[in-house]
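First the structure, in the form of structure tokens, and then the observations on it.
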Amino acid sequence: MGEREERAARMALACVAEAGDLRLRDALRVAEAPEVWHAVRTSTTDDAWTRRAAQLDLGAVVAAGHRHGLRFLIPSDPDWPTGLADLDHSEPVQRWGGMPVGLWVRGRACLAELTASAVAIVGCRASTAYGDRIASDLGAGLAATGTTVVSGGAFGIDAAAHRGALAEGGPTIAVMAGGLDDYYPKGNTAMLGQVAEHGLVVSETPPGVAPSRRRFLTRNRLIAGLSAGVVVVEGTARSGARNTVSWATSCLRLVMAVPGPVSNSTSYLPHLLVRDREAELVTGLEDVREAIAPMGQDLLTRATQPRLLDELDADQAAVYEALPSRGSRSTGEIALESGVHLRVALVALEELRARGLAAALPDGGWRLGVVQDRPVRSAQQQGRR
């Protein structure tokens, strides 16, 4: 069996079988893709597969892929993520499951390399400003440390996570429920174009096929399978993120949840998952990194990671401690409070201002700056901006 025949057969099967169809998974367990496709094409059974096979113009599908700059990946390709194999051995969710027969991707990056270290961020479309900020910060922080952000390209939490990663230059992956010739939702077309430029846009649905409720649910298994863990930022009682959690649990991926205000309906799902011990509570980037790292590894990193205040000398630290959080203090008052000479206080204040740790006020006084203590960005991380 040649690679070309295998690719064509898998593409054809992806066009006639719905994503996540367990019948296709079972067929590919006992026969090669060309044999399965031949059986479908020559079958006298009147079902959806044979009817679609009779009408399929595979050449037109290939041409559409080329026209829109798409690649079709199959499991034998070097770009294929090995983690997707877990979907073949996991429990079905709502009678669906299995590894995708193939994937259409847009972008130049290698899918296997991007998913070697990847975290999914999911949540509701009708997100709050709080949820958007959390998702964006997590996306930016993960991307800055070289971890790929995976999400579904939708409005709300998905878009915030992608945009956070893009603000750091990527990497990020958007997994879509429809063909990649026409992005959905259209309001995110520009953002998804940036995702393709800095990462990848992925779908197991052929070009020309629109999203559907089922396709949104089955694509969620890819979001889970492509990631080491899934972070739920916000979700209502009927949020689709619950389905992604089910897939993550089924294929043994870590589930994490960010708490929110108890009065918000969008906090329902994260709080439920934590209460029922289906998810680990996380409050920020370092919690997520620690959760997905091999046991103990990230704890050591966190303990030794330099922070802004760690880089201050003794005089600068004393002056910083003397800065008020409200109102202002004169240079003389700060010098007296910190116990340093006036000239030393002036030099220290200018240095703190340059780092964003101190702010000069119009009345000539000083107070704490907007920037607080945080991890120091490495030169490599800053180069990604």
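Go through (1) under 33 Å from the mean Cα position of the chain (by Cα); (2) at pLDDT below 95; (3) within 21 Å of Trp96 (Cα to Cα); (4) of a type outside the set (Asp, Glu) one by one and return the number of the condition Arg4 breaks.
Every listed condition holds for Arg4 apart from (3).
Exactly one condition in (1) touching a Ser or Thr at 6+ places or on another chain (Cβ under 7 Å); (2) surrounded by fewer than 16 Cβ atoms within 10 Å (Cβ to Cβ) is not met by Arg238; state its number.
(1)
Identify, by number, the condition in (1) polar (S, T, N, Q); (2) closer than 20 Å to Met176 by Cα; (3) in contact with a strand residue (DSSP E or B) (Cβ under 9 Å, 6 or more places away or on another chain); (4) modelled with pLDDT of 90 or more that Ser239 doesn't meet.
Evaluating Ser239 over (1) polar (S, T, N, Q); (2) closer than 20 Å to Met176 by Cα; (3) in contact with a strand residue (DSSP E or B) (Cβ under 9 Å, 6 or more places away or on another chain); (4) modelled with pLDDT of 90 or more leaves (4) as the failure.
Kindly indicate the residue of the stretch 212-232 that is surrounded by fewer than 19 Cβ atoms within 10 Å (Cβ to Cβ) and of a type outside the set (Gly, Ala, Ser) and also nearest to Arg277 (Cα to Cα) among those meeting that condition.
Phe216
Would you pick out the residues in the stretch 266-293 that are surrounded by fewer than 16 Cβ atoms within 10 Å (Cβ to Cβ) and either in contact with a Leu (Cβ under 7 Å, 6 or more places away or on another chain) or of a type in the set (Val, Ile, Thr) (or both)?
Listed by number, the list holds a single entry, Thr283.
For Asp46, state whether it is assigned to a loop (DSSP other than H, G, I, E, B) and over 26 Å from Gly107 (Cβ atoms).
yes
Would you point out which residue out of Thr244, Thr283 is part of a loop (DSSP other than H, G, I, E, B) and at pLDDT 90 or above?
The conditions single out Thr283.
Those residues that are more than 21 Å from Arg23 (Cα to Cα) and in a loop (DSSP other than H, G, I, E, B), I need them from the stretch 49-75; list them, please.
Residues satisfying the conditions are Asp57, His68, Gly69.
Where the second residue is of a type in the set (S, T, N, Q) and surrounded by fewer than 24 Cβ atoms within 10 Å (Cβ to Cβ) and the first is closer than 14 Å to Gly107 by Cβ and lies in the stretch 161-176, which pairs have Cβ atoms under 7 Å and are six or more apart or on separate chains?
Leu166/Gln194
Consider Ser43 against the criteria (1) over 25 Å from Ser90 (Cα atoms); (2) in contact with a Gly (Cβ under 6 Å, 6 or more places away or on another chain): it satisfies all of them except one. Which criterion is unmet?
Every listed condition holds for Ser43 apart from (2).
Across the stretch 256-265, what is the total count of residues that are touching a residue at least 24 places away in the same chain (Cβ under 8 Å) and surrounded by fewer than 24 Cβ atoms within 10 Å (Cβ to Cβ)?
Qualifying residue count for the region: 5.
Quick grid of which residues meet (1) under 12 Å from Asp315 (Cα atoms); (2) basic (Lys, Arg); (3) crowded, with 17+ Cβ neighbours inside 10 Å:
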position: Ser328; (1), (2), (3): no, no, yes
position: Gly332; (1), (2), (3): no, no, no
position: Gly339; (1), (2), (3): yes, no, no
position: Arg343; (1), (2), (3): yes, yes, no
position: Leu349; (1), (2), (3): yes, no, yes
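Could you say which residue among Ala60, Ala27, Ala48 is under 14 Å from Arg10 (Cβ atoms) and either out of contact with any strand residue (DSSP E or B) (no Cβ under 9 Å at 6 or more places or on another chain) or at pLDDT 95 or above (or both)?
On the way: Ala60 fails: under 14 Å from Arg10 (Cβ atoms); Ala48 fails: under 14 Å from Arg10 (Cβ atoms).
Result: Ala27 is the single residue among Ala60, Ala27, Ala48 that is under 14 Å from Arg10 (Cβ atoms) and either out of contact with any strand residue (DSSP E or B) (no Cβ under 9 Å at 6 or more places or on another chain) or at pLDDT 95 or above (or both).
All but one of (1) touching a helix residue (DSSP H, G or I) at 6+ places or on another chain (Cβ under 6 Å); (2) surrounded by 13 or more Cβ atoms within 10 Å (Cβ to Cβ); (3) within 30 Å of Arg242 (Cβ to Cβ) hold for Leu56; state the number of the condition that does not hold.
(3)
Would you say Val36 is in contact (Cβ under 8 Å) with a residue 40 or more places away in the chain, β-branched (Val, Ile, Thr) and not assigned by TED's automatic domain parsing to the domain that holds Pro211?
Details: in contact (Cβ under 8 Å) with a residue 40 or more places away in the chain: no; β-branched (Val, Ile, Thr): yes; not assigned by TED's automatic domain parsing to the domain that holds Pro211: yes.
When the stated conditions are applied, Val36 does not pass them.
Report, by residue number, each residue of the stretch 150-181 that is assigned to a loop (DSSP other than H, G, I, E, B) and of a type in the set (Gly, Ala, Ser).
Gly152, Gly153, Ala154, Gly156, Gly169, Gly170, Ala177, Gly178, Gly179
Quick grid of which residues meet (1) at positive phi; (2) in the same structural domain as Ser239 (by TED's automatic domain parsing); (3) surrounded by 23 or more Cβ atoms within 10 Å (Cβ to Cβ):
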| site | (1), (2), (3) |
| --- | --- |
| His68 | no, no, no |
| Ser76 | no, no, no |
| His89 | no, yes, no |
| Pro100 | no, yes, yes |
| Cys110 | no, yes, no |
| Ala120 | no, yes, yes |
| Ala126 | no, yes, no |
| Arg133 | no, yes, no |
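The values are calculated or read from the model by the stated rules, or taken from the named source; none is laboratory data. These numbers come from a predicted model, not from an experiment. Glycine also receives a Cβ, built like all others from the backbone with ideal geometry; neighbour counts cover every protein chain displayed.
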